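Working notes, structure below.
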Amino acid sequence: MTRALVLHPDIDTGSAGPSRDPDLALEEAVSLAHALPDLAVVDSAVVRLRKPDAGRLFGKGKREEMKARVAAAEADLVLVDGPLTPVQQRNLERDWDVKILDRTGLILEIFSDRAATREGVLQVEMAALSYQRTRLVRAWTHLERQRGGLGFVGGPGETQIEADRRAIDEQLVRLRKQLDKVARTRTLHRAARAKVPYPIVALVGYTNAGKSTLFNRLTGAEVSAKDMLFATLDPTMRRVVLPHGGPEVILSDTVGFISDLPTELVAAFRATLEEVLEADLICHVRDISHPETEAQAHDVEAILESLGVAGETPRIEVWNKIDRLDDAARAAALTQAARGERVHAVSAVTGQGIEALVAAMSEALAETRHMSTLHLRFDEGRRRAWLYENDLVEDERQSEAGFDVTVRWTARQEARFREI
C-alpha cells in the first residue's frame with residue numbers, strides 16, 4: 001500500500017474572480033486519491049501561495065515545511081492537486097526525495113485502473129503516453145547515459161531522451177491504428193443502433209453525482225454505483241420502456257465530468273461521449289447536496305459546450321440526492337425545482353421524485369417529435385407495416401394510388417424509415 005500525502009495549492013488569484021473553496025477542493029482531491037485501491041491517504045493539506053514559483057511551484061519556506069510534513073507522514077507519494085510542469089515535478093522530487101504526481105497524472109492513473117472496454121483502455125494509453133512524452137525531462141534520471149559515442153554531441157542524455165521520445169511516438173502511431181479499428185466497429189454498432197428507432201437519453205453530470213444509481217433505478221440494471229469518483233468510465237447503455245405509457249428508449253450512463261479535466265482526457269474520451277452528442281434528450285444529473293453544486297454544474301455545461309453538444313438538444317436538470325438534505329433544505333429544493341422549467345428534485349436511492357422525472361422525460365421526448373404526411377404506394381406494404389409496428393401512425397387515408405399516412409416521429413425514426 002502506497003502512503004500518499006495530498007496537497008492542494010491555493011494560489012492567490014487576486015481580483016480574477018471567485019475561486020472555489022480550497023477546503024472543498026482538497027476534499028475532492030482526497031476523494032480522487034481514494035479512487036485508487038492501492039493508495040492510502042495518510043495526510044492532506046491546503047498550501048496557500050501568493051505567487052507560484054516557476055521552478056518548484058512552492059516557495060522556499062513552504063517547501064521546507066512540506067518536506068517535514070512528508071517525513072512525519074512517512075509518505076511514499078505526494079499528490080499535488082493542480083498542474084505541475086516537468087521541471088517543477090523533477091525539482092520537487094529531488095527536494096523532498098519522494099515520488100510526485102500532479103492532478104493530471106492522478107486522473108490518468110484512475111482512468112487506467114478503471115477502463116474496461118478495449119476502446120477505453122486504448123484511449124487511456126494514448127492519453128498517458130501524450131502526457132509522459134512531455135515529462136521525459138523528468139522521467140529519466142540517467143541523463144548522463146549515452147547510447148554509444150563519446151558524449152561530445154548534444155549534451156548529456158539528449159540522445160537517450162530523443163530515443164525515448166521516438167519510441168513513444170511509434171507507440172502512439174500503433175495505438176491510433178488500433179483505436180481506428182475499434183472506432184470503426186463502434187461506428188457499425190452506432191449505425192445498427194440508428195436503425196433501432198428508439199430515442200437516446202443520456203445521463204451526464206459531475207463525477208459522483210449519482211448517475212449510475214439513477215441509471216439502475218430507471219433500468220433495473222446493476223451498473224457499478226459506488227460512492228466514489230469515476231466509478232463509471234465506460235458508457236453503459238440499456239433499452240428500457242419508460243413507465244406509465246412512456247416510450248421505449250435507450251438510456252446511456254456516461255463518464256463523470258470534473259473540474260480542470262486534463263485536456264489529454266477531454267480529447268481521449270470524446271468517443272465515449274458520442275452517445276451524448278447523438279442524444280435526443282440529455283439529463284444533467286446534479287448532486288444538489290454538494291456545497292459547490294452550482295460550480296459543478298457550470299463545469300459540466302462548459303465541457304458539454306467544448307464537446308460540441310448542440311444547445312437545441314432538449315435537457316432536463318435532475319437535482320439528485322435530496323435524501324441527504326435536512327428537512328428544511330429538502331423542502332426549499334423541492335419548491336425551487338418546482339418553479340424551474342424542466343428541473344426535477346429526486347433521490348435515486350429512495351425513489352422520491354422518480355415518477356415525475358420519468359413523466360417529464362416522456363413529455364420532453366414527445367416534444368422532439370414532428371408530424372409528417374407520407375404517400376405510400378400499394379406495393380410499399382413493408383414500409384407501411386414498419387410505421388404501424390413502431391406506433392407512429394396518427395392518421396391514414398386510402399386513395400386510388402395508395403395510402404396517405406400522417407405520422408408523428410423523431411428525426412432518428414424518419415431517417416430509419418428513409419432507409420427501408
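Taken over region 67-99, the residue count meeting the criterion of being hydrophobic (A, V, I, L, M, F, W, C), within 15 Å of residue 44 (Cβ to Cβ) and not in a loop (DSSP other than H, G, I, E, B) is 7.
Report, ordered by the first and then the second residue, all pairs with beta carbons closer than 7 Å, sequence separation of six or more or different chains, a first member in region 382-400 that is outside the structural domain of residue 249 (by TED's automatic domain parsing), and a second member that is in a strand (DSSP E or B) and among the polar types (S, T, N, Q). Pairs found: 394/406; 395/406. Scanning region 399-420 for residues that are surrounded by 15 or more Cβ atoms within 10 Å (Cβ to Cβ) and either of a type outside the set (Val, Ile, Thr) or under 33 Å from the mean Cα position of the chain (by Cα) (or both) turns up 402, 403, 408, 409, 410, 412, 413, 414, 416, 417. Here 211, 226 are screened, and the one residue that is modelled with pLDDT under 60 and basic (Lys, Arg) is 226. Can you find, within region 359-390, the residue that is nearest to residue 220 (Cα to Cα) among those that are surrounded by 13 or more Cβ atoms within 10 Å (Cβ to Cβ), of a type outside the set (Gly, Ala, Ser) and over 32 Å from the mean Cα position of the chain (by Cα)? For region 359-390, the residue satisfying everything is 390.
Determine, yes or no, whether residue 323 is surrounded by fewer than 17 Cβ atoms within 10 Å (Cβ to Cβ) and either of a type in the set (Phe, Trp, Tyr) or in the same structural domain as residue 257 (by TED's automatic domain parsing) (or both). Yes: the conditions hold for residue 323.
When you check residue 265 against the structure, is it at pLDDT below 70 and buried (at least 18 other Cβ atoms within 10 Å of the Cβ), yes or no? Spelling it out, residue 265 is indeed at pLDDT below 70 and buried (at least 18 other Cβ atoms within 10 Å of the Cβ). The criterion of being within 24 Å of residue 257 (Cα to Cα) and in contact (Cβ under 8 Å) with a residue 40 or more places away in the chain does not hold for residue 39.
Helices (runs of 4 or more DSSP H) fully within region 349-420 that include at least 3 residues being in contact with a Leu (Cβ under 7 Å, 6 or more places away or on another chain), closer than 30 Å to residue 277 by Cβ and at pLDDT below 95: 354-367.
A single entry from 358, 300 fulfils the requirement of being in contact with a strand residue (DSSP E or B) (Cβ under 9 Å, 6 or more places away or on another chain), of a type in the set (A, V, I, L, M, F, W, C) and in contact (Cβ under 8 Å) with a residue 12 or more places away in the chain: 300.
Hey, does region 350-358 have a residue that's within 23 Å of the chain's Cα centre (by Cα) and charged (D, E, K, R)? Looking through region 350-358, none of the residues is within 23 Å of the chain's Cα centre (by Cα) and charged (D, E, K, R). Which residues, counting only those in region 100-127, are assigned to a helix (DSSP H, G or I), small (Gly, Ala, Ser) and touching a residue at least 40 places away in the same chain (Cβ under 8 Å)? Across region 100-127, the qualifying residues are 120, 127.
In region 247-262, the residue that is modelled with the lowest pLDDT out of those that are among the hydrophobic types (A, V, I, L, M, F, W, C) and in a loop (DSSP other than H, G, I, E, B) is 261. For residue 31, the requirement of being part of a helix (DSSP H, G or I) and small (Gly, Ala, Ser) is met.
Quick check: anything in region 285-303 buried (at least 19 other Cβ atoms within 10 Å of the Cβ), β-branched (Val, Ile, Thr) and within 17 Å of residue 363 (Cβ to Cβ)? Among the residues of region 285-303, not one is buried (at least 19 other Cβ atoms within 10 Å of the Cβ), β-branched (Val, Ile, Thr) and within 17 Å of residue 363 (Cβ to Cβ), which makes the answer no. Out of 16, 35, 29, 25, which single residue is at pLDDT below 85 and either buried (at least 16 other Cβ atoms within 10 Å of the Cβ) or in contact with a Gly (Cβ under 7 Å, 6 or more places away or on another chain) (or both)? Exactly one residue qualifies, and that residue is 35. Taking the criterion of being at pLDDT 90 or above, farther than 18 Å from residue 6 by Cα, in a helix (DSSP H, G or I) and not small (Gly, Ala, Ser), would at least one residue in region 59-66 satisfy it? Within region 59-66 (the criterion being at pLDDT 90 or above, farther than 18 Å from residue 6 by Cα, in a helix (DSSP H, G or I) and not small (Gly, Ala, Ser)), the answer is yes, since at least one residue qualifies.
The values are calculated or read from the model by the stated rules, or taken from the named source; none is laboratory data. Source: prediction; values computed, not measured. No Cβ is skipped: glycine too gets one built from the backbone with ideal geometry, and neighbour counts run over all protein chains shown.
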